[in-house]
Every structure is written in structure tokens, then in C-alpha cells.
Amino acid sequence: MLKERVLPADLFVVVNKTILQDKDRDLLYMLYQPIIGADAVSLYFSFCMYLDKLEVLSQTWNHHHLMTILRLSLETIGVAREKLEAVGLLKTYIKKGEMNEFVYEIYSPLSAYEFFGNPLLSTILYNNVGDKEYERLTSVFSLPKINLKEYEDITCKFQDVFEPEDITNFEQLLLDVKKSHKNKLEIMATINLEHILNAIPEEMLNIRSITNETREFLYRISFVYGFSDNEMIHLLQSSLTLKRTVDKEALMRNARNYYKFEHFGALPSLALKTQPEYLRKKNMTTNLRDKKIYEFETTSPYDYLYSKHVGKRLTDTEIQILSYLLCEMCLNPGVVNVLLDYVLQESDNKLVPTYVETVAGLFSRNKITTVEQAMQLAETEHKKRLEKEKKKPSRKREQVPVWIDKEFEVKEATKEEQEKIKEMISKVIK
């Protein structure tokens, strides 16, 4: 929900707090867009477009102009703006009056090294794109490894080339020169860090090695995984170096492994996430098929499976199945919902693990990423199954998902249903 209501006549200026480079465009598209969506990235570049020739400060514009160039509603722009703020790409200020005035400050995206070293952003990216795509992205930004063991470093130092100069007079001139600024992600502390650090013996941890950067890193780890103070104490003790400092890579690895062990192999809150926005259907209508697509896309796999229990909690086997589909098979949440619905209907409301694995393998081999693709493939497989059934002795036809019905595409909802569907859709696509 937006903090401040914005009107088309409200004014704004854009302030550039950074120096954007060509590589930043790749970072935004490849690393940030899977998290914040295409609308937010488009808004970011639109703000850049408003800047003057010196790329420092824009003229004053109204939000109606922003709506016109983006072809988006103010509510959609507001949601996109908050996503930019959440990941540290934008800061927003408001001066209230008869006509509100906004200042939008643009910040640089994190470098690939900083992004993948950020446990919050890297985990969300992993959850949204899956294991294979995440591995591909890390390889894109990895440095080539060259063995320099037999080489000699002959690089010149500054004093080897230049004579010393008096630069005292220039120090003040450099204070206001623009530079690249990266905004921090603001995270509410969920642990008592002082208690955690004091609980670790001095012979294991040098408290002076805990910098502000390390503290922020520990807060993020605890936030991502929802760890308690005692769990963080245990993880820190197992992630210290011989020099009594925190090994951040070891801590990230230990945190992930511990969480997987405690939660049946699942990644943080993975089963509670919904279909990523950039993989959702854009042009929704009011027919019953789109209503079902909306349900699959906006419901988490855990909640969808829980709804089939009519109030009963999930069994350990079902939780392991969700973990398998989301983590090992790397299927998107909406796709998992289609799979669950299809298997339950085809198997007399039973979630048979072997059949789940068969359908999951089919979806994975066909690189299914969207709900529509999953539904289409399920329909195709159901028709094949029916053809095989015709060749066998007649028997009672099994129940199938309603969205596989041949008449489903042309069946229109009632006026009352259409109003409800429009109301649900407006919350997502406006």
C-alpha cells in the first residue's frame, strides 16, 4: 500500500546521486529486474531520461507526463517506485501543499560482487529465477581465473612515472564533484547483535574485527532466514577464521545448509512465495480461464495445498514434495500450483510422489516457467492419456481439472463473477 497518494498534477524533480555506466544497464536487467519487475526498471530509466545534459538535476515535471511516457497508471507507478526504494535504487522526498512536490534521488545498482555478496538480494534472486538461471548469472559476472604463478609483476607505481605535486589547493574543489552513490537497504533488526557477540568467547572472536559492514551483514543473514539469537550464535561460532574474524562466505554457506536441514531442504520462505510478477499474464480478461490463472499466480504453493486440506496442516511428505518441486526441480510457484492441481485431480485427490516426480520432470524438460505454459502442457498430456484410455476396456472416467474442459475457453462468467474478477485483477495490474 502506497504511503502517500500521488495526483497527476503533483510535481517532481529528479536528482542524480550517481554516475551511471554502461555495465549498470546489464546489472539492472539481469539481476534487479527478476526481483522488482519490468515496470520498476522502466521507471528507473525514465527518471534518468528526465535529467539535464549534465545529468545532475531535471526540470520540474508533473506526474501526468510520467504516466504518459510509461503508459502506466499512477498506482502502478507508485508500486514500481516503492520497489526501487526497497532495493536501494531510489530515495523519495515530499513537500506537502496544495500541490505536492516530490524529489526523486537516483542511486547506482550494486556491483555484481556486492549484489551476490548481499544475502538478502542474492537469496531473493535465487528464489525467483531458480538454480540453473542463478548459476548462469553468477558465471556471467565471474572473473576468468589465470594462473600467474610463473609470471612476474612488473606494474609501475605512481611515483615511477609522475613527479610529486602539491595538491593542497585542489582538495576543496573536489568535495562537491558528483560520484557514484549506492543506497543502503533498510532492514529492521530481528536479533540482539550485542547479546550474540558477547556470547562468543574472546579467544574465538575478536570483537574489534566486527565493522559496521559486518554488523549489517549479520542483520541481513538473520532477516533472510529468520534466525533467533541462539541460532546466530551457533552459526557464528562455526564460521570464524583462525584470525578470530567472521568468514562471510562460510557464514552464508552454513546459514543456507542449516536452514535446508531444519526446513526439509527448502530455501527461506520459498513455499510461501507467489509467481514472480515478470512471469505473470499481463492482459487479464474476465473469462473463467483467466480467473484460474490469477488464482494460480497469486497463491503460494503452501497456501494452495493447504486449501485442499480444509484446515488441516500439511503432512511431512507434502512439505518434502513442495521442497522437491521448488528447490530441486526449480519450478516457479505458479507452475507448482498447476502441477499440484493436475496431479490431485488425475490421482483421485492423492498426491502420489512418483506421479508428482513424473509430471515435474515433464515440466522441467519442457522449460515451463509460466502458469499458461503449464496449463497448456497439462492439457496436452491429458488428451494423450485419454487417447490411451480409449484403447483399454471401458471404465469410469477419472476426474480432471476444470480448466482442461474443452468448453472452458468460451464459457463466460456471470455479471456478478465478472465484477469480482475485475476487482481482483485491478489490484495486480493497475
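The values are calculated or read from the model by the stated rules, or taken from the named source; none is laboratory data. Predicted model only: the values in this text are computed from it and were never measured. Glycine also receives a Cβ, built like all others from the backbone with ideal geometry; neighbour counts cover every protein chain displayed. With ligands, DNA and RNA removed, areas are computed over all heavy atoms of the protein, side chains included. Shrake-Rupley method; radii C 1.70, N 1.55, O 1.52, S 1.80 Å.
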Quiz item: So what are the ³J(HN,Hα) numbers for segment 93-107, from phi and the Karplus equation (6.51, -1.76, 1.60; θ = phi - 60°), rounded to whole Hz, Gly and Pro as x?
Solution: 10, 10, 10, 7, x, 4, 10, 5, 10, 10, 10, 10, 9, 8, 10
Quiz item: Using 0.36 nm per residue, how much length does the chain from Glu203 to Met67 gain when fully extended, once their Cα-Cα distance is taken away?
Solution: 43.0 nm
Exercise. Provide the per-residue ³J(HN,Hα) series for segment 280-288, in order, calculated from phi with Karplus coefficients 6.51, -1.76, 1.60 and θ = phi - 60°, each as a whole number of Hz, with x at glycine and proline positions.
Key: 8, 5, 8, 9, 7, 10, 9, 6, 5
Quiz item: When you count, for each residue, the other Cβ atoms within 10 Å and take the mean per peptide, how do 227-237, 58-68 rank with the highest first?
Solution: 227-237, 58-68
Quiz item: Are any of the pairs Lys23/Lys282; Lys83/Lys132; Lys17/Lys91; Lys149/Lys248 more than 19 Å apart by Cα-Cα distance, and if so, which?
Solution: Lys23/Lys282; Lys83/Lys132; Lys149/Lys248
Quiz prompt | Residue-wise HN-Hα coupling along segment 296-308, computed from phi with Karplus coefficients 6.51, -1.76, 1.60 (Hz; x: Gly, Pro) | solution = 5, 6, 9, 10, 6, x, 4, 5, 5, 5, 4, 5, 6
Quiz prompt | Cβ crowding within 10 Å averaged over residues, with 246-252, 120-126 ranked highest first | solution = 120-126, 246-252
Exercise. Report Val161's accessible area, 1.4 Å probe, all protein chains in place, as a number in Å² to the nearest 10.
Key: 90
Self-check item: Scattering curve values for segment 62-139, log₁₀ I(q)/I(0), Debye with Cα scatterers, q = 0.17, 0.19 Å⁻¹
Solution: -0.83, -0.93
Quiz prompt | segment 120-157: trypsin sites (Lys or Arg not before Pro) in DSSP coil with no more than 15 other Cβ atoms inside 10 Å | solution = Lys145, Lys149, Lys157
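Quote the FRET efficiency, to the nearest 0.05, computed for Thr92 versus Asp22 with a Förster distance R0 of 22 Å and r equal to the Cβ-Cβ distance.
0.25
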Quiz item: For segment 1-104, which GluC sites (Glu not before Pro) are in a loop by DSSP, counting at most 13 other Cβ atoms within 10 Å?
Solution: Glu4, Glu98
Exercise. Go through Tyr306, Tyr44 and list them by solvent-accessible area, largest first, probe radius 1.4 Å.
Key: Tyr306, Tyr44
